[in-house]
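The values are calculated or read from the model by the stated rules, or taken from the named source; none is laboratory data. Owing to the predicted nature of the structure, the values given are computational and were not obtained by experimental measurement. Glycine gets a Cβ as well: all are built from the backbone with ideal geometry, and neighbour counts include every protein chain shown.
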Amino acid sequence: MFRFGNPEYLYLLVLIPALAFLYLTFSYLRSKKLERFGNLKLVSHLMPDVSTLRPVTKFYLMLLALLLLIFTMAAPQFGTRLQTIERKGIEIVVAIDVSNSMNAEDVSPSRLERAKQAVSRLTDQLVNDRIGLVVFAGRAYTQMPITNDYASAKMFLSSINTDIVPVQGTTIGAAIEQSINSFSDHDDVNRAIVLISDGENHEDDAIGAARRAAEMGIKVYTVGIGSPDGGPIPTAQNGNFLRDREGNVVITKMDPDMLAGIANAGNGEYIATDNIRSGINNLISELSDIEQTEFDSVQYTDFEDQFQYLALIALIILLIDFIILERKNRLLKHIDLFTVNDDNSKNEQPLNK
């Protein structure tokens with residue numbers, strides 16, 4: 001398994017494109033200034049020691065060295081030993097609504113972004129529990145199988161958008177069924193489903209699905225995203241909103257009664273997230289009341305640092321950059337291996353006259 005020991009240093013990677021942009025900009029401005037003196041080919045003859053290739057080569061070598069040094073500081077590591085560890089917790093599958101109505105901005109920045117923030121905060125609070133992700137609109141899919149790798153969970157979470165499910169609609173019942181199928185095969189682990197949606201469900205029996213989950217010992221919690229007053233649904237065109245067949249702007253409203261009914265049927269609780277922090281704290285409190293059970297977890301326990309190889313390559317590149325001069329070498333600039341000497345060519349006699 002690969003990981004970075006200090007991933008916060010990876011933010012420095014923004015320096016690479018920024019420096020490249022600045023260099024290209026200054027190079028362009030410099031060439032424009034030289035054009036004021038005349039044709040660039042003629043001006044170059046007035047500066048025989050100036051090289052156009054060497055400064056560019058030195059800059060990109062320096063940029064490559066900087067890139068390697070950033071990865072060096074991030075401390076790349078490879079897992080070297082797997083170990084089975086006993087953990088005590090529960091399994092949680094988070095089902096996130098990705099239908100178009102989740103693009104509504106009646107809560108800032110949008111319903112979907114608010115939902116992702118809620119899941120991120122939930123993940124930060126987990127310790128030994130396992131988590132999985134399900135996305136649903138007109139259909140439901142497992143986005144991430146059940147795992148205790150919270151870093152991977154956040155990575156998958158960041159990629160979620162309303163285009164991830166090709167079939168539009170809202171099938172909360174299918175999402176609950178898919179969540180049930182996403183749990184592990186362990187029979188002695190307590191489980192919970194956290195359904196995050198605006199509650200607009202017109203296509204299947206979500207109450208019945210929640211009741212079936214409860215019969216299997218799985219609690220269903222619902223988290224409401226949106227406002228009862230609702231808001232329009234933005235479309236791909238800037239400034240435009242989704243309209244019905246009569247041309248009226250469609251207003252989508254959160255349905256708290258539906259979400260509360262699903263939670264009641266699933267022996268869980270309905271949690272409104274008018275305030276993400278308090279809402280997730282309430283959810284964590286509810287989940288902590290579920291009895292935790294022991295289960296085995298296989299994970300890498302020993303990691304070996306690999307930064308020294310990157311540091312060595314960066315050092316070699318910096319040494320090469322130091323050796324290369326920006327101007328042409330006066331001792332070597334007259335050597336041309338591909339041009340025949342004029343004097344020698346004059347002395348050559350044809351073999352056959």
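Going by the conditions given, is residue 131 buried (at least 18 other Cβ atoms within 10 Å of the Cβ), part of a strand (DSSP E or B) and modelled with pLDDT of 90 or more?
So residue 131 fits the description; yes.
Could you pull out every one of the helices (runs of 4 or more DSSP H) wholly within region 1-120 that has 3 or more residues that are under 27 Å from residue 149 (Cα atoms) and at pLDDT 90 or above?
53-73
Tell me, yes or no, whether region 166-174 has at least one residue that is among the polar types (S, T, N, Q) and surrounded by fewer than 20 Cβ atoms within 10 Å (Cβ to Cβ).
Yes: region 166-174 contains one or more residues that are among the polar types (S, T, N, Q) and surrounded by fewer than 20 Cβ atoms within 10 Å (Cβ to Cβ).
Name, by its number, the condition in (1) modelled with pLDDT under 80; (2) closer than 28 Å to residue 67 by Cβ; (3) in a helix (DSSP H, G or I) that does not hold for residue 322.
Only one criterion is unmet by residue 322, namely (1).
Tally up the residues in region 235-272 that are closer than 15 Å to residue 105 by Cα, in contact (Cβ under 8 Å) with a residue 40 or more places away in the chain and touching a Leu at 6+ places or on another chain (Cβ under 6 Å), please.
0
When region 258-288 is examined, which residues are found to be in a loop (DSSP other than H, G, I, E, B) and at pLDDT below 80?
Within region 258-288, 273, 274, 275 meet the criteria.
Anything in region 226-275 that is basic (Lys, Arg) and touching a Gly at 6+ places or on another chain (Cβ under 7 Å)? List them, or say none.
Result: 253, single match.
To keep it simple, each residue is scored yes or no on (1) touching a Lys or Arg at 6+ places or on another chain (Cβ under 6 Å); (2) more than 18 Å from residue 171 (Cα to Cα); (3) modelled with pLDDT of 90 or more; (4) crowded, with 17+ Cβ neighbours inside 10 Å.
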site	(1), (2), (3), (4)
206	no, no, yes, yes
218	yes, yes, yes, yes
226	yes, no, no, yes
248	no, yes, no, no
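Identify the single condition in (1) surrounded by fewer than 24 Cβ atoms within 10 Å (Cβ to Cβ); (2) under 21 Å from residue 96 (Cβ atoms); (3) of a type outside the set (S, T, N, Q); (4) touching a Ser or Thr at 6+ places or on another chain (Cβ under 8 Å) that residue 265 does not satisfy, given that it satisfies every other one.
Here residue 265 clears every test but (4).
Looking at region 306-315, can you tell me whether even one residue there is surrounded by 14 or more Cβ atoms within 10 Å (Cβ to Cβ) and modelled with pLDDT under 85?
yes
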